[in-house]
Every structure is written in C-alpha cells, then in structure tokens.
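The values are calculated or read from the model by the stated rules, or taken from the named source; none is laboratory data. The structure displayed is predicted, hence computed values, not measured ones. When we count neighbours, we look across all protein chains shown, and the Cβ atoms used for this are built from the backbone with ideal geometry, even at glycine. Side chains are part of the model used for accessible areas, which takes the heavy atoms of the whole protein and leaves out ligands, DNA and RNA. Shrake-Rupley method; radii C 1.70, N 1.55, O 1.52, S 1.80 Å.
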Amino acid sequence: MTDRHYNVAVIGAGPAGIYASDILSKSDLDVSIDLFERLPAPYGLVRYGVAPDHPRIKAIIKALFNVLQRGDIRFLGNIDIGRDVTVAELREYYDAVVVATGANADAPLDIPGVGLPGCYGAADFVSWYDGHPDYPRTWPLEASQVAVLGVGNVALDVSRILAKHPEDLHPTEIPENVEEGLKASPVTDVHVFGRRGPAQVKFTPMELRELGQVRDVDVVVYPEDFEYDDGSRRAIEESKMTKQVVDQLTNWVFQEPEELTASRRIHIHLLQQPVEILGDERVEGIRMERTALQGDGSVKGTGEYVDYPVQAVYRAVGYASSPLDGVPFDDVRKVVPNAGGRVTRDGETIDGLYATGWIKRGPVGLIGSTKSDAQETVANLVEDARAGRLRPTGDGTGSGGLVRLLDGRGVRYTTWHGWELLEAFEKELGRADGRERIKVVERETMTAVSRGEPHDGKLY
Ligand SMILES: Cc1cc2nc3c(=O)[nH]c(=O)nc-3n(C[C@H](O)[C@H](O)[C@H](O)COP(=O)(O)OP(=O)(O)OC[C@H]3O[C@@H](n4cnc5c(N)ncnc54)[C@H](O)[C@@H]3O)c2cc1C
C-alpha cells in the first residue's frame, strides 16, 4: 500500500485501455485515471474492426460500457496523442502513462504488382465498412472475382462481407454509405488463399462454420488441397480447435455438385502462395504457386503455378501497429518494446511508461486476451508505484493541468457524457428504421453531437 495519490494517463480506449483502466482502478493504489482516445467513440477495434454482422460481440461492448459508465475513469475523446498533446507533455502531468494504441494498419506483403490499383489492404476495407471517420466514404467495388490472401478470421470477415447480399446486412448497424456501396458490387466469386494446409489455417471454428450459413453463398473447397504431414497430424491431435476447423473444411469436400446452387461463392484454396499480382494498369489476375508440406507443417514452393482471373486482391495477412512519437518502437515486430508491459529502450526500462494490448504483444488474439495482458502490465505499474519509481516529470496535476492545456489549444475534446449523447443519437437514427442503431461516420457530426453543438446532421 502506498499513501500518496497517483495520476495515470491511458492512451487508447480500445479493450486493452479500458481493461487496464478497470484493473488499475480496482488496485489498492489511490489513483485517478484519464483515458485518452483519438476518436469521439470508445471501444477501438470492437467498434471499428469487428464485423457489423457479429452482434454477439455486443456482450463485450456491454461489459466495457459498464466499466466507463461507473464514472471513476475519465474518458477524454477526440484527442490525438502525438498531435494534440505529446507523450512528453502527458508525462509532465501524470505519474504514469500506459500506451494502448492497438493496431490499425495492414502488415506489408512484398510481391510484384502489390501497388496496382485494385489491390487493397484488409484493414483499410474493414475501416471503410465499419465506418471509421478517418477513411474514405466510398470503396471501389467493381470486381466480380476477388482474391483474399490470408486464412485468419479477418480474411473470413472480408470474404463474408464481400460475398454477403447487402440486404442481409441491413438490420445491423452498418452505415448507409457502406450499404449503398455494397449494393452496387457485381461480385460473384471470392477466392480465399492459404499458403499451408488445412491443419495450419488460423480460422476459429465458429467463424468458419458461420461461413456455411450465409444465405445464397456457397463455400467451395478443393480435394487436392487436403494434404497432411506429420506436423499436421500432430496439430490435429493436440488441438481440439484445429480438429474442429479441419472437420468443418472436410465436410465441404463432400458436398455434391447439385448442392451448389447459390449465386455467389466463397472458394477456400489451400497450399498455394501468391507470387505476383498480374495486370498492366490495374489488377487483372493473381499468380499462385502450389506449395507442399515439409513434414513439420511448414511448406515450400513446388514451382507449379496457377493463374486466377481476379479484378481485385485483398491482403489479409495481418494488422500492424503504428509508432507513437516519444515512445520507443520496434520497427520489425511493429510493437512497443517492453518487458511485461514496462516500456524499454535498448533493453532499459523507462520509468513511468507502460504498454498493453496489441501495441504490446502484436496484433494477435481475441478481445479476451487483452484482459490478461492488462493484468500483467497493471501489476507491474502497481509494483513500481510501491517501489517509489513513479514520478511525473512536471507538476503531476493530472487532468487539471492537461484540460487547461487542451482548452488553451482549442482542442474540441469529448467526454463520457458526450459518448452517451452520440449513442442516443445513433440509436434514434436506427429506431426510425427499425434497427438498433445506425453508425455516424462523419467526424464533425460525431464531435458536434458529443459536445452538444449545432450540426448539419451529415452522417457520412
Ligand atoms: C477485423 C477484425 C475483426 C476482429 N473481430 C474480433 C471478434 O469478432 N472477436 C474478438 O474477440 N476479437 C476480434 N478482433 C480482435 C480485437 O479487435 C482485438 O483483440 C482488440 O481490439 C485489441 O485491443 P487494443 O485495445 O489493443 O487495440 P484497439 O482495439 O486497436 O484499440 C486501440 C485504440 O487506441 C486508439 N488510438 C490509437 N492511437 C491513438 C493516439 N495516438 N491517441 C489516442 N488514441 C489512439 C484507437 O483509436 C483505438 O480506439 C478483431 C480484430 C480485427 C482487426
């Protein structure tokens, strides 16, 4: 137990930042917590990553909402740390700063043709269909045949949203511009490609099963892609989840041709790696090389190539975090270097600076894993406080000093009450259309509604 009061700033109101704030608020430190978010809306990728047709995730939103609704954690939205306020400034006012800025960019894929028009990052597409205010309002959906590279859940989300009939998305919170955009799409075939075999895909069973339940969309797999080596057999034996995924994929092998009657198809191709995106002016196809399992579950190219005529390619090969000024960044692993959440520079811990969530350990894992992650980071922060290692570099007045700074700079920050106003506004929009809510995309409207200022009602 320490007897003084601490001011802690958390940057990023995604699940990692909210869980860290919650756990810290329940520690035995006497602490005030300010949670800074670049957007007027909280929840990070739960709002701007999770697909609109995954409403069961709402239960998690409710849990995160309950944390912030308590009122002991101060939400300060529409503040870009690094632009509106620097991390160095935060460190003057706060005893400790926790970086929870997540990941929002696409991991690179280095093959010829990747820069052609028609080749897109999955993260950008997700940001568009989830109505992120900082992304364009239109998306070029002109392809009837599409390739999606990657065999994780993001690849499934992208394929499903591309293939699904937009009227089946209408009941969700999907923004109006996105629904209109999808209605114009001529897509008939989405080809998902994985480098390795059925026992190595990263889909989770529930998400894969869901693919088979999409109306008027068939899932097509190819018997020649079903190969197993010792590594694959071990993976199936050791993991129930892997077995479930392989079983589900195998079920589709046994479909009879007359069962495939849908107007749209999602093809899952395995043991093929992308070599080149083809086309002169824009994407006209993709060249894949067949791979062969090597015994331990890894693969090698076989020198046998297949060209697929596609007019768009989506790279779903992973997310990547972005650096934050004033915080060390590992450019290779795309994370903030840390030891158990204590940020390090050249192996040395920086007192009072912490990381949690995807920025701490990379963009893998479901929302639940950000909770255990936050536990570790907060435990180390509390231990450092007890050991007297937390000291602000300035006056340490926390939000008092910081809010004066924001006001002085004319930053139109928003609060938790502002989020309540914006939620009520979105729900009202939805009610008029028999839906739970319709997302507002336009940042100015989000900000003005949150601040109770006049606005023109522009939704996107
Ligand atoms: C497409 C997609 C679908 C997913 N679907 C699921 C799913 O169905 N179920 C599931 O359990 N998990 C899902 N996940 C995983 C889940 O979203 C992550 O585990 C989780 O969001 C990571 O939390 P985080 O807080 O570390 O990062 P994020 O959620 O990215 O939150 C980071 C927050 O920091 C803010 N921020 C960034 N920079 C700054 C700055 N400079 N100043 C202020 N604020 C800043 C961002 O705006 C954001 O709000 C999905 C992920 C993706 C990408």
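Numbers at a glance
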| item | result |
| --- | --- |
| Check on E142, away from the ligand (no atom under 14 Å from the Cβ) and either without any contact (Cβ under 8 Å) to a residue 40 or more places away in the chain or assigned to a helix (DSSP H, G or I) (or both) | no |
| Scan of the stretch 270-288 for residues that are open to solvent by less than 70 Å² (accessible area, probe 1.4 Å) and either outside any loop (DSSP other than H, G, I, E, B) or of a type in the set (S, T, N, Q) (or both), ordered by number | Q272, Q273, P274, V275, E276, I277, L278, G285, I286, M288 |
| Residue selected from the stretch 344-371 under the condition β-branched (V, I, T) and within 15 Å of the ligand (Cβ to nearest atom), by the criterion farthest from G14 (Cα to Cα) | V364 |
| Counted residues, the stretch 8-52 - those being over 30 Å from A387 (Cα atoms), part of a loop (DSSP other than H, G, I, E, B) and open to solvent by 20 Å² or more (accessible area, probe 1.4 Å) | 3 |
| Verdict on H417 being outside any helix (DSSP H, G or I), open to solvent by 60 Å² or more (accessible area, probe 1.4 Å) and of a type outside the set (D, E, K, R) | no |
| Subset of the stretch 391-414 that is assigned to a loop (DSSP other than H, G, I, E, B) and modelled with pLDDT of 95 or more - its residue that is most open to solvent (accessible area, probe 1.4 Å) | R409 |
| Only one of E276, E227 that is at pLDDT 95 or above, more than 29 Å from the chain's Cα centre (by Cα) and over 24 Å from R160 (Cβ atoms) | E227 |
| Filter result for R83 (more than 22 Å from N380 (Cβ to Cβ) and within 13 Å of the ligand (Cβ to nearest atom)) | yes |
| Qualifying residue in the stretch 159-166 (condition: surrounded by 20 or more Cβ atoms within 10 Å (Cβ to Cβ) and β-branched (V, I, T)) | yes |
| Residues satisfying the stated conditions in the stretch 239-262, i.e. part of a helix (DSSP H, G or I) and under 18 Å from E224 (Cβ atoms) | V246, L249, T250, N251, W252, V253, P257 |
| Qualifying residue in the stretch 107-126 (condition: open to solvent by 10 Å² or more (accessible area, probe 1.4 Å), touching a Lys or Arg at 6+ places or on another chain (Cβ under 9 Å) and within 12 Å of the ligand (Cβ to nearest atom)) | yes |
